[in-house]
Amino acid sequence: MSNRMWGGRFASGPAEIMEEINASIGFDKRLAPQDIRGSLAHVAMLGQAGILPAEDVAAIEAGLKSVRDEIEAGTFTFKRELEDIHMSVESRLTEIVGPAAGRLHTARSRNDQVATDMKLWVRDTLDSLDQQAADLQRALSQTALKHADTVMPGFTHLQSAQPVTFGHHCLAYVEMLARDRGRFRDARARLNECPLGAAALAGTSFPIDRHATAAALGFDRPTANSLDSVADRDFALEALAAASICAVHLSRFAEELVVWTSAQFNFVRLSDGFTTGSSIMPQKRNPDAAELVRAKSGRIIGALTGLLIVMKGLPLAYSKDMQEDKEGTFDALQALSLCLAALTGMVQDLEPNAEVLAQAAGSGYATATDLADWLVRELGLPFRQAHHVTGRLVGAASAKGVGLEELSLAEMQEAEPRITDAVYAVLGVANSVASRTSYGGTAPENVRAQAQGWIERLA
Ligand code: ARG
């Protein structure tokens, strides 16, 4: 039997394998709410424009609502031979309301329909990712406030560099998330033009009102070019690009948590709720959630790359290739949502080991820059020379296997005779961080003010 939605010119139906490669219903059924919303807006407009009689509009509207109820109730049967969500909804509508259902597709194509459905889904998802990223910012800002004075080693090249505060480290991620949220909102603003009514690719001869459907679906305006309307998947690419950058940020933090929870670092403790045990090694507390956040960036970036490759070189307008936009986009944005939620949970119950952090902050000659700065400030040495003197002192301390603060004044003076006792004050880790009061620096007073500011802005 030929396809009952488009099989007029066909003598027989598709081969089994044709049906399998062609069908998208397995994954686009999640667009049912968006598809029905779009159809309700379309049919209402067809009525207002005098294209359909009021009684057909009423029948179709009632029918679409029943289809929606059946799908919500889980009683709807999805059939592969109906290919996709658009034909599944229309086919069931026909069973419910009879031939009037056939009028719904007037002045519309699946090409503008699917673009509209996807835009609605991506738009809602960007909105909720924005909220979830704000939740993570809130959790990080609270932790930052609590740990504005908790010193820890700051690293470059993963080598001890200069002491920072734990709160400052948390606020670095709050900044990254602020940019991520900006990208989600930019992507949303740019996608918010409605493709519905572009029809297959050329527009339609029916006197439709595209401004009315655009407004009914919460879009700012209709898209301006019918070819572009059905050929564009920039909105999905842009959402995936923003998601990929965010996922990269989350993976960096996740990696730090994995390293920091190791026995060798022992910088932080994750709660029982966010760790797992081992089936063989009873002592283990594995940071599985952090590892999975680190790993899921892979499928998110993969979805972006995959769709870029699908779209590259596609001639205008619609090609079935574009059906491949869905699984990756759904999967990636859902994965990001899970990562944001898991990281928020981890941060909320995270406990830094203040003593271990302070100890580590002081090791590795992390206050060497403070010593060089002191030589500049107190003795008037040019910074390059101060750097050299400090380097010699670090060498001397390291040869003895002691910290800078354990060198005697006599030993200090061998490198620079004008050094006085006062130097020991800057060799302490707390002094070091307290002195970093430049705008954006790690001083506890800065961190407290910034954390407070974020908490207020995020309220
Ligand atoms: N399932 C299709 C998709 O997701 C819907 C559009 C089909 N259009 C067409 N001309 N065959 O892209």
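The values are calculated or read from the model by the stated rules, or taken from the named source; none is laboratory data. Since this is a predicted model, take the numbers as computed values, not measurements. So basically every Cβ, Gly included, is an ideal-geometry build from the backbone, and we count neighbours across all protein chains shown.
What the table below lists for this structure:
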| item | result |
| --- | --- |
| Test set (1) closer than 30 Å to residue 316 by Cβ; (2) crowded, with 18+ Cβ neighbours inside 10 Å; (3) touching a residue at least 40 places away in the same chain (Cβ under 8 Å) - residue 143 fails condition number | (1) |
| So residue 366, is it crowded, with 21+ Cβ neighbours inside 10 Å, out of contact with any Cys (no Cβ under 9 Å at 6 or more places or on another chain), assigned to a loop (DSSP other than H, G, I, E, B) and small (Gly, Ala, Ser) | yes |
| Subset of the range 85-114 (residues that are near the ligand (Cβ under 8 Å from one of its atoms), in contact with a His (Cβ under 7 Å, 6 or more places away or on another chain) and of a type outside the set (Val, Ile, Thr)) | 110, 113 |
| Hey, residue 184 touching a Lys or Arg at 6+ places or on another chain (Cβ under 9 Å), under 21 Å from residue 125 (Cα atoms) and of a type in the set (A, V, I, L, M, F, W, C) or not | no |
| Matching residues in the range 412-444 - criterion: being in a helix (DSSP H, G or I) and without any contact (Cβ under 8 Å) to a residue 40 or more places away in the chain | 412, 413, 414, 415, 421, 424, 425, 434 |
| Number of positions in the range 178-194 that are hydrophobic (A, V, I, L, M, F, W, C) and either surrounded by fewer than 21 Cβ atoms within 10 Å (Cβ to Cβ) or within 16 Å of the ligand (Cβ to nearest atom) (or both) | 2 |
| Selection status of residue 227, within 22 Å of the chain's Cα centre (by Cα), at negative phi and part of a helix (DSSP H, G or I) | no |
| Residue within the range 374-389 that is within 44 Å of the chain's Cα centre (by Cα), within 30 Å of residue 136 (Cα to Cα) and in a helix (DSSP H, G or I) present | no |
| Search result, residues across the range 150-177 that are more than 22 Å from the chain's Cα centre (by Cα), over 18 Å from residue 371 (Cβ atoms) and surrounded by fewer than 17 Cβ atoms within 10 Å (Cβ to Cβ) | 155, 157, 158 |
| Qualifying residue in the range 21-35 (condition: more than 12 Å from the ligand (Cβ to nearest atom), over 24 Å from residue 230 (Cβ atoms) and either in contact with a Gly (Cβ under 7 Å, 6 or more places away or on another chain) or not small (Gly, Ala, Ser) (or both)) | no |
| Matching helices (runs of 4 or more DSSP H) fully within the range 1-112 where at least 2 residues are of a type in the set (Ser, Thr, Tyr) | 85-97 |
| Matching entry among 11, 59 (being of a type in the set (A, V, I, L, M) and either within 13 Å of the ligand (Cβ to nearest atom) or modelled with pLDDT of 95 or more (or both)) | 59 |
| Qualifying positions in the range 195-240 - within 16 Å of the ligand (Cβ to nearest atom) and within 18 Å of residue 125 (Cα to Cα) | 233, 234, 235, 236, 237 |
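Yes or no, residue by residue, for (1) under 19 Å from residue 240 (Cα atoms); (2) modelled with pLDDT under 95; (3) within 15 Å of the ligand (Cβ to nearest atom):
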| residue | (1), (2), (3) |
| --- | --- |
| 311 | yes, no, yes |
| 318 | no, no, yes |
| 328 | yes, no, yes |
| 336 | yes, no, no |
| 339 | yes, no, no |
| 344 | no, no, no |
| 349 | no, yes, no |
| 353 | no, no, no |
| 356 | no, no, no |
